[in-house]
Amino acid sequence: MQVISTVRELNETVKQHKLNNKKVGLVPTMGALHKGHKSLMECARKECDIVVVSVFVNPTQFGPNEDYDKYPRVFDKDIELCESAGVDIIFHPEPEEMYPDFKKGGTLKENLQVKENSYIIKVPEKYTNRLCGKTRPGHFDGVCTIVSKLFAIVKPDVAYFGQKDIQQLIIIKNMCKSMNSDIKIQGCPIVREESGLALSSRNSYLSEVEKVKASTIFKVLSKAVMLFKNGNNNKKDVFEESLKLLDKDINIEYLEVCDCNTLDYCEKIRHNSFIAIAAKVGNVRLIDNVIIG
Ligand code: AMP
């Protein structure tokens, strides 16, 4: 397994593989890797000749009051996980490698200022004025910017994203369509703890007690699916009943039903929609969702 930190080396290495007709898969991540990330790598390993994983905490997708500074960075462990998944190349650049305007050694404020000085993709409002976009202004602009940069460097045949971040997945699919890209975007199912809690790098902020409370988030979603399967597609009724299962210390930011292709809000729960939730356990913001049908 190769660890590469410069754009130039990655670009040249992948170019050679492509000249040899190798199918290249890319798994973009922010590190602090867990079994959820590993499932994307394993999917890529099955389908591609060369698997590239990027590990990069992307400053442009964080807001000023978010956790860019304290986001877990455990690269040595990440290397081990990638190795165990049979990854060929890890790309682990410094921020100034990805954003030439990034000020090395700068303060958090200066680091996040990079967005003002760089070319940034603007995601249409119809995708960002809902769900996570409501409380995270500019987040998806930052996500699409870093993903586009990675696509430009690696030019993968397939890129793998988790259904865990379903709004991100749908936005990236629509971005590729809109930008005439032929990169295939492959969504992969959510990996969960036995309790049902969706794996997330941010779970490391939770205490054991909070993890138990957080596992009720998936109970709410599962109950909603069960009620739908039993014939109730009325959002209000279904949510009212399901929310009885949520731990009382959890604060909901949103609970919505949206269309799987367009992110439009749905009046009723229906096939090809998903139910998404964002909720806070203490100060930790968690997201989860289930696809219907
Ligand atoms: P992140 O490092 O959080 O940016 O996530 C990198 C990729 O891993 C994204 O495509 C996520 O959707 C995906 N991912 C994160 N958690 C999970 C999970 N529990 N199951 C499946 N995919 C996940």
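The values are calculated or read from the model by the stated rules, or taken from the named source; none is laboratory data. What you are looking at is a predicted structure, and each value in this text was computed from that prediction instead of being measured. Positions of Cβ are backbone-derived with ideal geometry, glycine not excepted, and every protein chain shown enters the neighbour counts. Calculation scope for accessible area: heavy atoms of the full protein, side chains included, ligands and nucleic acids excluded. Shrake-Rupley method; radii C 1.70, N 1.55, O 1.52, S 1.80 Å.
Below are the figures for this structure:
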item: Residue match in the range 107-117 (condition: in contact (Cβ under 8 Å) with a residue 40 or more places away in the chain, open to solvent by 30 Å² or more (accessible area, probe 1.4 Å) and in contact with an Asp or Glu (Cβ under 6 Å, 6 or more places away or on another chain)); result: yes
item: Lone unmet requirement of (1) away from the ligand (no atom under 12 Å from the Cβ); (2) open to solvent by 10 Å² or more (accessible area, probe 1.4 Å); (3) closer than 19 Å to residue 45 by Cβ for residue 180; result: (3)
item: Residue within the range 153-170 that is small (Gly, Ala, Ser), modelled with pLDDT of 95 or more and out of contact with any strand residue (DSSP E or B) (no Cβ under 8 Å at 6 or more places or on another chain) present; result: no
item: Residue count, the range 187-205 (criterion: touching a Gly at 6+ places or on another chain (Cβ under 9 Å) and buried (at least 17 other Cβ atoms within 10 Å of the Cβ)); result: 9
item: Residues that are in a strand (DSSP E or B) and over 23 Å from residue 203 (Cα atoms), drawn from the range 236-293; result: 257, 258, 259, 265, 268, 273, 292
item: Residue 236 more than 13 Å from the chain's Cα centre (by Cα) and away from the ligand (no atom under 16 Å from the Cβ); result: yes
item: Residue 269 being within 18 Å of the chain's Cα centre (by Cα) and crowded, with 19+ Cβ neighbours inside 10 Å; result: no
item: Residues that are surrounded by fewer than 21 Cβ atoms within 10 Å (Cβ to Cβ) and away from the ligand (no atom under 16 Å from the Cβ), drawn from the range 15-47; result: 15, 16, 17, 18, 19, 20, 21, 22, 23
item: Members of the range 213-260 that are among the aliphatic types (A, V, I, L, M), surrounded by 14 or more Cβ atoms within 10 Å (Cβ to Cβ) and either more than 17 Å from residue 276 (Cα to Cα) or without any contact (Cβ under 8 Å) to a residue 60 or more places away in the chain (or both); result: 220, 227, 238, 243, 245, 246, 250, 252, 255, 257
item: Identity of the residue in the range 126-166, part of a helix (DSSP H, G or I) and near the ligand (Cβ under 10 Å from one of its atoms), that ends up nearest to residue 62 (Cα to Cα); result: 143
item: Candidates 217, 269, 277, filtered to the one that is at pLDDT 95 or above and closer than 19 Å to residue 134 by Cα; result: 277
item: Residue 123 vs. criteria buried (at least 17 other Cβ atoms within 10 Å of the Cβ) and part of a loop (DSSP other than H, G, I, E, B); result: yes
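Conditions tested, residue by residue: (1) free of Cβ contacts under 8 Å to residues at least 60 places away in the same chain; (2) within 30 Å of residue 122 (Cα to Cα).
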{"site": "36", "(1), (2)": "no, yes"}
{"site": "60", "(1), (2)": "no, yes"}
{"site": "69", "(1), (2)": "yes, yes"}
{"site": "82", "(1), (2)": "no, no"}
{"site": "86", "(1), (2)": "yes, no"}
{"site": "91", "(1), (2)": "no, yes"}
{"site": "95", "(1), (2)": "yes, yes"}
{"site": "100", "(1), (2)": "yes, yes"}
